[in-house]
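Have a look at the structure below before the remarks.
The values are calculated or read from the model by the stated rules, or taken from the named source; none is laboratory data. Bear in mind the structure is a predicted one, so any value in this text is a computation, not a measurement. FYI the Cβ positions are ideal-geometry reconstructions off the backbone, even for glycines, and counts take in every protein chain you see. Accessible surface is based on the protein model in full, side chains and every heavy atom, while ligands, DNA and RNA are left aside. Shrake-Rupley method; radii C 1.70, N 1.55, O 1.52, S 1.80 Å.
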Amino acid sequence: MVRISTPSLSAIKPDRAILTLLLIIFFSFPAQATPLVGSACLIRHGDKVVVIKEEISNKLALPGGQITSEDSPEQAAVREVYEETGIHVDAVKLLKLRGNTTLFACVAKQPIPTILITPYTQPLTTTESDDLLISTWQAKHFTKEVKRAYILTAENITPKDYRYPNDVPLIQRLLSQVPNSEITTNAADYYAVSRLHQWELTQIKSFQQEIKSLPNSYQSLFQRVMSVFNLPGEKLFIGLLLLVVTVSFGVTAMLYLSSVLVSATFIASVMKLALASPRPFYIWPDLQQTAASGFGLPSGHTLMATVLWGLLWYNLPLLINRYRLNFTSNLIAFRLKTLPLLVIAISLQAIARIWLGVHFISDTVLGLSAGIVLLVLFIWWQHSGLAYQHVRNWRYWTLLSIIIAVGLSYFQVPQQVYLLACTLAMSTAVLFDRGRSRQTITYTQKIKLAVSLLSSVLAMGFLSSLFVDLVISTVAILLIKTLTIIVMVMACVMMTVHSYRFK
């Protein structure tokens, strides 16, 4: 008789026993579904699809967003479509579940209000003659998350145009399963705006027609004059102005001008978002003759031009006296003589915005009024001598950052995020700047500084665009742009400080 021995419990290794127990516990639990966090709508009109152009990524996407704790996926999709486009829809059926996002076939409850796409609002290289722009300026997320909304031919949307490149073939494949939504082409409702704007629309139209009825030589001259006087509100012009002032006059002048630009931009942004007034071409698209987006009241270009031209007018005799001693001893008389030039420059800038069809007359009037108030405050600030003390103090930039942060917490727009990044970078750079600066440097040093500043800005801008193309998350894109601005501003300030510092 053979005895079969069995292993005792002490012979089993403890680590194997623990691993076996953990495996039994793990596989005894039911599988957990991936939590849903996003929901979107696919809306069709013929062979076209409703898409939005995002404010942060500047790319196309389907309308949709986050599912809150109070929402079902269907409710989230319906709500987000309304907040982003102003369209009331029904979620008809679930088309696709991709990871943590649901995609629904949706149909508009009423005809979608549309207008024709103008040459300045085309989102694609290839657009069809019947592609449409949706009137979205009254939507909740307009200028915050959404720059524009379109009805575009699905086949023309390419992966490079779309924020989720891999989803482009999916949209084209699923489009046939979506019920058709009706549209209306009378989105340019003349009676949707105030009587003042109605009167202004007719005046802008008449003004443009009168100019276009002139001989070609006069039209060409007028348009060139308008282009020149429209420059003070353009980003490229402001960037070049800041470069010239930085290289020519040093650290304090750069910080002072930066403070002026940030303050004027922030105030214009707050007023635009608070008043939420449309631009003329949102009502009559054929008025538009240049690119513009967002709300129109007040005219940011006119406000900025008033401040910049005004500060040049105030400082011009001081600058001349700096290079030509005793050029004028009577500053008041000189400024009175040159005051008509200031009025003409600002007036032509306001006329340019009206001529281009991007602002109502009342937009420019309010921009001019706000600009005059700011100009008076900046002149007083400079004349009192406080400006040069404040801009070299990190506490001033911190206070400005706090003010912008308060506005950002309320309006939640990307532009104010970028302004906050600028002021935080300025505050940090000024905090680390403990040296004394010279009043001037040699022309060779100025050329080296200009080249260094331009190279740094172009290099960081190029790298930022590369990183942005690699990610699809709007949070990541916003973070990359914000960090780029912070690094860029700090680098430019520190290079200027180094160039002008006493050796």
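Miscellaneous remarks
- Residue match in the stretch 291-312 (condition: in contact (Cβ under 8 Å) with a residue 40 or more places away in the chain and more than 25 Å from the chain's Cα centre (by Cα)): yes
- Only one entry of ILE486, ILE480 meets the criterion of being open to solvent by less than 50 Å² (accessible area, probe 1.4 Å), assigned to a helix (DSSP H, G or I) and touching a residue at least 60 places away in the same chain (Cβ under 8 Å), and that entry is ILE486.
- Number of the exception - THR328 against (1) in a loop (DSSP other than H, G, I, E, B); (2) of a type outside the set (Lys, Arg); (3) under 22 Å from the mean Cα position of the chain (by Cα); (4) modelled with pLDDT under 95: (3)
- Within the stretch 84-109, residues that are touching a residue at least 12 places away in the same chain (Cβ under 8 Å) reach partners that are of a type in the set (Val, Ile, Thr) and assigned to a loop (DSSP other than H, G, I, E, B) with beta carbons closer than 7 Å, at six or more positions or on different chains, in the pairs THR85/THR136; GLY86/THR136; GLY99/THR34; ASN100/THR34; ASN100/VAL37; ALA105/VAL178; ALA108/ILE87.
- Condition met for GLN439 (open to solvent by 80 Å² or more (accessible area, probe 1.4 Å) and in contact (Cβ under 8 Å) with a residue 12 or more places away in the chain): yes
- Failed condition for THR20, given (1) more than 23 Å from the chain's Cα centre (by Cα); (2) among the polar types (S, T, N, Q); (3) modelled with pLDDT of 75 or more: (3)
- Any chance LYS448 is modelled with pLDDT of 90 or more, out of contact with any helix residue (DSSP H, G or I) (no Cβ under 6 Å at 6 or more places or on another chain), buried (at least 19 other Cβ atoms within 10 Å of the Cβ) and charged (D, E, K, R): no
- When VAL251, VAL228 are checked against the criterion of being at pLDDT below 95 and open to solvent by 40 Å² or more (accessible area, probe 1.4 Å), VAL228 stands alone in meeting it.
- Of residues in the stretch 285-307 being touching a strand residue (DSSP E or B) at 6+ places or on another chain (Cβ under 9 Å) and small (Gly, Ala, Ser), the one surrounded by the most Cβ atoms within 10 Å (Cβ to Cβ): GLY294
- Considering residues of the stretch 264-284 that are open to solvent by less than 20 Å² (accessible area, probe 1.4 Å) and more than 16 Å from SER362 (Cα to Cα) only, the residue nearest to the chain's Cα centre (by Cα): SER269
- The set of residues in the stretch 114-142 that are closer than 26 Å to GLN415 by Cβ and either open to solvent by less than 20 Å² (accessible area, probe 1.4 Å) or in a strand (DSSP E or B) (or both) comprises ILE115, THR118, THR121, LEU124, LEU133, ILE134, THR136, ALA139, PHE142.
- Residues located in the stretch 77-103, provided they are in a strand (DSSP E or B) and either surrounded by fewer than 18 Cβ atoms within 10 Å (Cβ to Cβ) or aromatic (Phe, Trp, Tyr) (or both): ASP90, VAL92, LYS93, LEU94, LYS96, LEU97, ARG98
- Output for the stretch 263-309, where each listed residue is polar (S, T, N, Q) and either in a loop (DSSP other than H, G, I, E, B) or farther than 21 Å from TYR418 by Cα (or both): SER277, GLN288, GLN289, THR290, SER293, SER299, THR302, THR306
- Of everything listed in (1) within 30 Å of PRO285 (Cβ to Cβ); (2) open to solvent by less than 30 Å² (accessible area, probe 1.4 Å), the single unmet condition for LEU366 is (2).
- Here GLU155 passes the criteria (1) touching a residue at least 40 places away in the same chain (Cβ under 8 Å); (2) farther than 19 Å from GLN288 by Cα; (3) in a loop (DSSP other than H, G, I, E, B) except the one numbered (3).
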